[in-house]
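Read-outs: derived from the displayed coordinates by stated rules, not from any lab. The model shown is predicted, which means the values in this text are computed figures rather than measured ones. Here the Cβ positions follow ideal geometry from the backbone for every residue, glycine too, while neighbour counts run over all protein chains shown.
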Amino acid sequence: MPFVTITLLKGKGKEYIKAVTDGINSAVIETMGFPDDDRYQVVHQVSEDCLQYQGRTDDRVMMHLVMRSGRSNKSKQAFYKKVVKNLSKKPGIKPENVFITITENQDIDFSFKDGIAQFVV
C-alpha cells in the first residue's frame, strides 16, 4: 500500500487524472503485489514553472511513493517499466518525462485511522 503523491501540470481534466492514477495503481498491483483495494493517492496540479524536470517542456509527471520496506530491486524496476508503459499508452506521456522516486519505511511509520499504527498492533 504505497502512499503516492503525483504532481502534474495544471489544467488536466478528470479523464487525464484518472488515466494517470489508474496507470500508476495498476502498475503497483501488478509488479509489487499490493492488494487491489490499497489505493492511497494524492494528485497535485502545478504551473509549468513549478514542475521543473531538467528542462523538459512537454507533458510530464513526477511521483513519489512511500511504502513499507521489503520490495525487491527487481519488483521496483518492473514497476518503473510498467508505469512508463501505462502512462505512455494513456494519457500519452513520453517515457522520458516520467520521474519516479520511492521512499521506504517501517511498520510503525503508518497510521490509517484512530491514531493507531495498525501494522504493529
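Largest mean-square fluctuation among 107, 38, 22, in a Gaussian network model of the chain whose springs join Cα atoms under 10 Å apart, belongs to 107.
For the chain, the longest principal axis of the Cα atoms and the long axis of helix 73-89 meet at an angle of about 40 degrees. Determine, at each q value in 0.14, 0.15, 0.23 (inverse angstroms), the log₁₀ of I(q)/I(0) that the Debye formula gives when each Cα of the chain is one equal point scatterer. Taken in order of the listed q values, log10 I(q)/I(0) reads -0.61, -0.69, -1.38.
Express as a percent, rounded to the nearest 5, the fraction of DSSP beta bridges in the chain (both residues included) that run antiparallel. If you can, show how the numbers build up before the last one.
Working: 7 of 22 bridges.
Taking every DSSP beta bridge within the chain, about 30 percent pair in antiparallel fashion.
Normalising the Debye intensity of region 12-67 to I(0), with uniform scatterers on Cα atoms only, and taking log10 at q = 0.21, 0.24, 0.27, 0.30 Å⁻¹ returns -0.92, -1.08, -1.21, -1.33.
Helical runs (DSSP H, four residues minimum) scored at -39500 (n - 2.57) apiece and divided by the length of the chain put the mean residue ellipticity at 222 nm at -10000 deg cm²/dmol.
In percent, rounded to a whole number, the relative contact order of the chain is 33, using alpha-carbon pairs under 8 Å and six or more apart. Across region 72-121, Cα pairs under 8 Å and at least six residues apart give a relative contact order of 19 percent. Charge tally for residue 74 (other residues, Cβ to Cβ under 14 Å; Lys, Arg +1; Asp, Glu -1): +3.
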